[in-house]
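The structure under discussion appears below in the form of structure tokens.
The values are calculated or read from the model by the stated rules, or taken from the named source; none is laboratory data. Treat the numbers as computed from the prediction; the structure is a model and nothing was measured. Cβ sites come from the backbone with ideal geometry, for glycine too, and all protein chains shown count toward neighbours. Note: areas computed on protein heavy atoms with side chains; ligands, DNA, RNA excluded. Shrake-Rupley method; radii C 1.70, N 1.55, O 1.52, S 1.80 Å.
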Amino acid sequence: MTGTPLAHVRAWYEEAVAAGLPEPNAMALATASSDGVPSVRFLLLKDIDEQGVAFFTNYESRKGRELAANPRAALAMYWRPLLRQVRVEGRVEVLPADESDAYYATRSHGSRIGAWASPQGRAIPDRAWLEARVAEVADRYPGDDDVPRPPYWGGYRLVPDAVELWEGRANRLHERRHWLRTPDGGWREERLAP
């Protein structure tokens, strides 16, 4: 394998998309509180480039609060039909506002309304309360182009310190390629035993 680990991750992701797999951009994201209590959830990958892996969420959600207190995370993507898994670990940074604005503008009107209406991950009285909030926000922003990005919603980039590509093999003798970031910003590659 030649190229950077993130180039390999992107190539594998594009192969999963080309294979027509359902939700090929689904990934598990693990964060931890300031005192190390972990949590994990699935969300959608939105970009992979040489800087890292981007995703978007409510900054006030549990993951947002944990990333503010402890800006490190790990993610995993698994494409069962291809017998491939990717793991990425590293620091997380908030994307610039213009990048969050650009992505937010591509979301459906309903998703943009939902970003305003839902206090993501917080307790709410019932479904009727949420539906009333959606109706209120939809009345405030009836046009498709007039829903601004909430100030508490935007993107993050996981900037990797470690990347692993796993491919399933017979007898559980899987291929595991692992890259670690070096002090000069490059990568050291190694093979891991299955």
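Summary of computed values
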| item | result |
| --- | --- |
| Expected 222 nm ellipticity per residue - DSSP helices of 4 or more, -39500 (n - 2.57), all of the chain, to 500 | -8500 deg cm²/dmol |
| Whole-percent carbon and sulfur share, accessible surface of the chain, 1.4 Å | 53 percent |
| Normalised contact order of the range 55-194, rounded percent, pairs of Cα under 8 Å and 6 or more residues apart | 29 percent |
| Contact order normalised by residue count of the range 111-194, Cα under 8 Å, 6+ apart, percent | 19 percent |
| Residue-normalised accessible area of the range 52-194, expressed per residue, 1.4 Å probe, Å² | 54 Å² |
| Ordering of 14-20, 58-64 by packing [mean C-beta count within 10 Å, highest first] | 58-64, 14-20 |
| Derived scalar couplings ³J(HN,Hα) [the range 61-73; Karplus, 6.51 cos²θ - 1.76 cosθ + 1.60; whole Hz; x for Gly, Pro] | 5, 4, 5, x, 5, 5, 5, 5, 7, 8, x, 9, 7 |
| Efficiency of FRET between THR4 and ARG176 - r from beta-carbon atoms, R0 25 angstrom, step 0.05 | 0.90 |
| Whole-number percent relative contact order across the range 23-105, with pairs defined as alpha carbons under 8 Å at least 6 apart | 27 percent |
| Label-point separation in nm, ASP35 to GLU190, each point 7 Å along Cα→Cβ | 3.3 nm |
| For the range 143-159, Karplus couplings with θ = phi - 60° (6.51, -1.76, 1.60), whole Hz, Gly/Pro x | x, 5, 9, 10, 9, x, 6, x, x, 9, 10, x, x, 10, 10, 8, 9 |
| Mean projected area in nm² (Cα convex hull; one quarter of hull surface) for the chain | 13.5 nm² |
| Net lengthening on full extension, ARG72/GLU15 (0.36 nm per residue, minus Cα-Cα) | 17.7 nm |
| Calculated from backbone phi, Karplus (6.51, -1.76, 1.60) coupling profile of the range 102-109 in Hz, x at Gly/Pro | 4, 5, 4, 5, 8, 6, 5, 4 |
